[in-house]
Amino acid sequence: MISNKKFKVTFLIHENNSWFTKALKTNIKNNKKYKIKFSKSIKYVFKQDIVFFINLTKIVKEQFLKNNKLNLVIHASDLPKNKGGAPLQWQILKGKKIITICLFEAKKDVDAGDIIMKTKVKYDGSELNQELREKQSKEMIKLIKNFLNKYPNFKKKKQ
């Protein structure tokens, strides 16, 4: 028997990331497989199949993680390298031209979960902040779409 249940997917987006929210809402839509919602607060997110954490600056409690089936973080570094805040900016300041973006499972410890997928963004070093964000958001959306197309068939790799 085939189930018509849609997977519940929430994008938990930090309120200061309107630069990515618009691109995300334009490119990620409800379909036969997913019921998509966007939230700026964890108090409106519970019992989801998938929660994507987008540029959150606060650590969520372990109980929140347990209330959802799969919690995912997108981080602009080749984890376990460059853990912590503003990884894209720090790497750009160091002159790095190819930045890895990781999709990984959120765990109690910051930036420590199993890696699910990676992609790379190429920069030439002349980009201003808006251009950095545009290139980053395009790759992040490709990564999200790729994962959603494969879900629930995906593999994890330890950091």
Of the listed residues (Phe20, Phe7), the one being within 15 Å of the chain's Cα centre (by Cα), surrounded by 13 or more Cβ atoms within 10 Å (Cβ to Cβ) and touching a residue at least 24 places away in the same chain (Cβ under 8 Å) is Phe20
I need every pair where a residue in the range 65-89 that is touching a residue at least 12 places away in the same chain (Cβ under 8 Å) and of a type in the set (S, T, N, Q) has its Cβ under 7 Å from the Cβ of a residue that is part of a loop (DSSP other than H, G, I, E, B) and surrounded by 14 or more Cβ atoms within 10 Å (Cβ to Cβ), sequence separation at least 6 or different chains. Asn68/Gln48; Asn71/Ala106
Filtering the range 116-134 down to residues that are modelled with pLDDT under 95 and under 13 Å from Ile101 (Cβ atoms) yields Leu132, Arg133
Consider the range 95-111. How many of its residues are of a type in the set (Gly, Ala, Ser) and either within 12 Å of Asp78 (Cβ to Cβ) or exposed (fewer than 15 other Cβ atoms within 10 Å of the Cβ) (or both)? 1
If we ask which residues in the range 33-70 are of a type outside the set (A, V, I, L, M, F, W, C), more than 21 Å from Ala23 (Cα to Cα) and surrounded by 13 or more Cβ atoms within 10 Å (Cβ to Cβ), their number turns out to be 5
Positions within the range 136-159 being without any contact (Cβ under 8 Å) to a residue 40 or more places away in the chain, surrounded by fewer than 17 Cβ atoms within 10 Å (Cβ to Cβ) and in a helix (DSSP H, G or I), in sequence order: Lys142, Asn146, Asn149, Lys150
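The values are calculated or read from the model by the stated rules, or taken from the named source; none is laboratory data. For clarity, every value in this text was computed on a predicted model and none was experimentally measured. In this analysis, Cβ positions are derived from the backbone assuming ideal geometry, glycine residues included, and neighbour counts consider all displayed protein chains.
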